[in-house]
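So the structure is just underneath, and the comments pick up after that.
The values are calculated or read from the model by the stated rules, or taken from the named source; none is laboratory data. As the structure is a prediction and not an experimental result, all values here were calculated from the model. Because the Cβ atoms are built from the backbone with ideal geometry, glycine has one as well, and the counts that use them run over all protein chains shown.
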Amino acid sequence: MTMSVAGVLAGAAARRPDHPAVIQGSERVTYGWLWDQARRYAAVLRAGGVRPGDAVAVLLADTPRFPVVYFGVLAAGAVVVPLNVMSTPSEIGQVLTDADARLLVCDASLLARAREASEPLGTVLLTVGPGPGGTVDLESAAQDTAPIDDAAVREADDVAVVFYTSGTTGEPKGVMLTHRNILHNVERMVATPYMFRSDDVLLGCLPLSHGFGQICGMLTGFRAGISIVLMPRFSGPEALALMTEHRCTVFMGVPTMYVKLLDAVARGEQAPRLDRVYSGGSALPVKTLEEVRSTFGCPVYEGYGMTETSCSVAYHYPGVTFRPGTVGVPITGVTVGIARPNTDGIDLLPAGEVGEIVVRGPNVMAGYLGRPDITAEVLTDGWFLTGDLGMLDGDGYLSVVGRKKDLILRGGYNVHPREIEEILGGHPAVAQVAVIGVPHPELGEEVWAVVVPARPEEVTAGTDAEIIEWGRQRLSAYKYPRRVEFTDALPLGSSGKVLKRVLVASYETAGASLQTK
């Protein structure tokens with residue numbers, strides 16, 4: 001079977017050539033223009049020796065140039081390797097080496113970092129936008145080049161994109177997603193859960209270099225032919241202003257973005273009326289979900305997925321009964337099971353029992369690039385072992401308890417951080433909270449809560465005790481936190497997930513001297 005992710009843009013250009021695809025500032029780029037430019041870029045890449053299957057690394061900000069380069073690489077039959085624009089030269093070099101990238105395409109404004117990373121490796125470097133002498137501007141070259149007729153033919157199981165993810169371990173791995181993987185989820189999600197309409201306008205504030213923004217946002221949006229308002233750097237007030245100005249109907253974000261939106265509204269910014277919003281990346285506290293629903297006057301649909309599953313596994317969506325505290329039901333064509341942790345093979349547990357979430361379906365990655373050993377650890381008997389703990393109820397709704405590696409073992413008891421975070425999040429002094437296990441000399445680990453206060457100016461010497469007491473009254477004796485630390489912000493990865501390993505490293509020395517209470 002032949003298919004190409006490039007067909008997403010080609011199809012939209014055929015159906016709606018004059019409809020705005022991307023809006024940024026005063027720039028409004030149509031689908032017809034995007035596809036024409038992408039095919040010109042593909043022609044330049046081919047002339048430069050790029051062949052089907054070659055890896056092309058992309059270091060681009062979230063501007064209309066990103067989709068042009070992205071689909072240009074795919075149209076040429078090559079593999080896109082997106083890089084986060086905040087990557088350091090050493091991180092860029094690590095990816096270029098691991099992916100064996102033939103060339104690197106970067107924004108002219110990021111040339112210094114890109115050159116520092118690529119020159120020692122001999123990687124060909126192209127800019128988008130004019131750079132200093134000696135650089136090749138892909139954008140200028142494309143204007144003098146005739147577009148290719150159509151996208152290169154690719155097989156369904158050929159790799160389309162390699163995402164580099166460190167997850168919670170800090171070890172970067174190249175996740176190989178095939179054309180089949182990506183298109184399966186795109187086709188399913190356009191219908192449900194996103195249910196895009198032709199007049200929808202989406203605020204695209206998620207990084208296009210990351211799976212959530214790229215697959216769930218850009219690709220599903222383009223498949224539906226909607227307009228996407230790009231926002232290169234997120235801030236609550238600016239997001240509200242853009243949604244109001246462009247009459248956005250849909251918003252997608254991670255929980256930290258919703259917290260910033262609510263904070264901006266609380267400080268007097270106008271809240272636009274939206275049709276629906278979607279949350280993913282990590283657990284959305286029920287309190288935050290309810291505040292978003294009330295503030296923006298629309299339903300909130302929470303979902304679950306990860307890069308290795310082409311970014312979506314389960315979702316709430318219109319027409320399905322909403323169940324707070326769950327992430328909905330598996331999307332069409334995807335099977336979710338709960339397996340007994342730390343066993344050989346897959347031993348599925350019945351409804352109502354907590355175990356490791358495992359996923360099977362055409363959305364599951366081909367594997368980790370160059371890592372057959374690690375791939376074998378997570379792909380077993382056709383199932384992908386997510387590393388997350390969860391539970392399915394009798395109606396098939398999935399609840400995510402937390403990461404296996406975040407599980408706290410306190411005095412022989414298993415403590416699931418998300419349960420505690422939900423409880424503590426209900427305290428009026430708490431804006432955000434991350435619960436971690438800190439080494440303890442007697443118990444093995446002790447439960448600590450790291451809190452971003454709702455009103456920092458109101459935090460007193462007794463606020464931590466109030467939060468601890470709040471948890472003690474609502475949780476079993478072995479679950480409630482014995483210590484609360486306040487911080488201005490939680491450490492976040494590029495996808496918006498809280499980096500709990502960073503928090504543990506920050507507090508483990510202090511925890512070693514903590515006495516049992």
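Residues checked against (1) over 22 Å from residue 435 (Cα atoms); (2) outside the structural domain of residue 97 (by TED's automatic domain parsing); (3) free of Cβ contacts under 8 Å to residues at least 40 places away in the same chain:
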position	(1), (2), (3)
336	yes, yes, no
341	no, yes, no
345	yes, yes, yes
362	yes, yes, no
371	yes, yes, no
375	yes, yes, yes
379	yes, yes, yes
392	yes, yes, no
399	no, yes, no
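Kindly indicate whether residue 69 is surrounded by fewer than 21 Cβ atoms within 10 Å (Cβ to Cβ), under 16 Å from residue 40 (Cβ atoms) and of a type outside the set (Lys, Arg).
Taking the combined requirement at face value, the residue does not satisfy it.
Taking the condition within 23 Å of residue 387 (Cα to Cα), polar (S, T, N, Q) and buried (at least 24 other Cβ atoms within 10 Å of the Cβ), does residue 282 pass? Before you say what the answer is, go through the steps one by one.
Details: within 23 Å of residue 387 (Cα to Cα): yes; polar (S, T, N, Q): yes; buried (at least 24 other Cβ atoms within 10 Å of the Cβ): no.
No: the conditions fail for residue 282.
Search region 403-416 for residues being touching a residue at least 60 places away in the same chain (Cβ under 8 Å) and of a type outside the set (Lys, Arg), and hand back the single one that is farthest from residue 359 (Cα to Cα). Can you show your working first?
First, pick out the residues of region 403-416 that are touching a residue at least 60 places away in the same chain (Cβ under 8 Å): 403-406, 410-411, 413, 415-416.
Going one step further and asking which of them are of a type outside the set (Lys, Arg), we end up with 406, 411, 413, 415-416.
On the way: 406: 20, 411: 32, 413: 27, 415: 24, 416: 21 Å.
My answer is 411.
Quick one: count up the residues across region 286-324 that are surrounded by fewer than 23 Cβ atoms within 10 Å (Cβ to Cβ), more than 22 Å from residue 249 (Cα to Cα) and out of contact with any Phe, Trp or Tyr (no Cβ under 9 Å at 6 or more places or on another chain).
Of the residues in region 286-324, 3 are surrounded by fewer than 23 Cβ atoms within 10 Å (Cβ to Cβ), more than 22 Å from residue 249 (Cα to Cα) and out of contact with any Phe, Trp or Tyr (no Cβ under 9 Å at 6 or more places or on another chain).
Got a sec? Which of 444, 426 is surrounded by fewer than 20 Cβ atoms within 10 Å (Cβ to Cβ), of a type outside the set (Val, Ile, Thr) and free of Cβ contacts under 8 Å to residues at least 40 places away in the same chain? Give the steps one after another, and end with the answer.
Working: 426 fails: free of Cβ contacts under 8 Å to residues at least 40 places away in the same chain.
Just one listed residue meets the conditions, 444.
Being at pLDDT 90 or above, of a type in the set (Asp, Glu) and either outside the structural domain of residue 496 (by TED's automatic domain parsing) or within 15 Å of residue 490 (Cα to Cα) (or both): is that true of residue 446 here?
Criteria not met by residue 446.
How many residues does region 480-498 hold that are surrounded by fewer than 17 Cβ atoms within 10 Å (Cβ to Cβ) and either among the polar types (S, T, N, Q) or in contact (Cβ under 8 Å) with a residue 40 or more places away in the chain (or both)?
3
Within the set of pairs 6+ apart or on separate chains, which have a first residue in region 172-186 that is in contact (Cβ under 8 Å) with a residue 24 or more places away in the chain, a second that is buried (at least 23 other Cβ atoms within 10 Å of the Cβ) and of a type in the set (Lys, Arg), and C-beta atoms under 7 Å apart?
179/154
If a residue must be surrounded by 12 or more Cβ atoms within 10 Å (Cβ to Cβ) and either over 20 Å from the mean Cα position of the chain (by Cα) or of a type in the set (Val, Ile, Thr) (or both), how many such residues does region 361-376 contain?
5
For region 180-200, enumerate the residues that are in contact with a strand residue (DSSP E or B) (Cβ under 7 Å, 6 or more places away or on another chain) and surrounded by fewer than 22 Cβ atoms within 10 Å (Cβ to Cβ).
Residue satisfying the conditions is 200 alone.
Taking region 38-53 as the search range and keeping residues that are under 13 Å from residue 71 (Cβ atoms) and charged (D, E, K, R), which one is surrounded by the fewest Cβ atoms within 10 Å (Cβ to Cβ)?
The qualifying residue surrounded by the fewest Cβ atoms within 10 Å (Cβ to Cβ) is 40.
From the residues in region 136-150 that are surrounded by 17 or more Cβ atoms within 10 Å (Cβ to Cβ) and either within 18 Å of residue 58 (Cα to Cα) or not assigned by TED's automatic domain parsing to the domain that holds residue 103 (or both), which one is farthest from the chain's Cα centre (by Cα)?
141
Give the residue, chosen from 99, 14, 78, 10, that is free of Cβ contacts under 8 Å to residues at least 12 places away in the same chain and either under 28 Å from residue 157 (Cβ atoms) or not hydroxyl-bearing (Ser, Thr, Tyr) (or both).
One residue alone meets the criteria, 14.
Residues in region 213-251 that are under 23 Å from residue 163 (Cβ atoms) and aliphatic (A, V, I, L, M): how many?
Qualifying residue count, region 213-251: 7.
Looking only at residues that are basic (Lys, Arg) and farther than 18 Å from residue 500 by Cα in region 447-479, which one is surrounded by the fewest Cβ atoms within 10 Å (Cβ to Cβ)?
Ranking the qualifying residues of region 447-479, first place goes to 455.
Residue 28 versus (1) in contact (Cβ under 8 Å) with a residue 40 or more places away in the chain; (2) surrounded by fewer than 18 Cβ atoms within 10 Å (Cβ to Cβ); (3) outside any loop (DSSP other than H, G, I, E, B): which is the lone unmet condition?
(1)
Scan region 214-269 for residues that are among the small types (Gly, Ala, Ser), surrounded by 21 or more Cβ atoms within 10 Å (Cβ to Cβ) and either free of Cβ contacts under 8 Å to residues at least 12 places away in the same chain or in contact with a Gly (Cβ under 7 Å, 6 or more places away or on another chain) (or both) and jot them down.
Scanning region 214-269 gives a single hit, 217.
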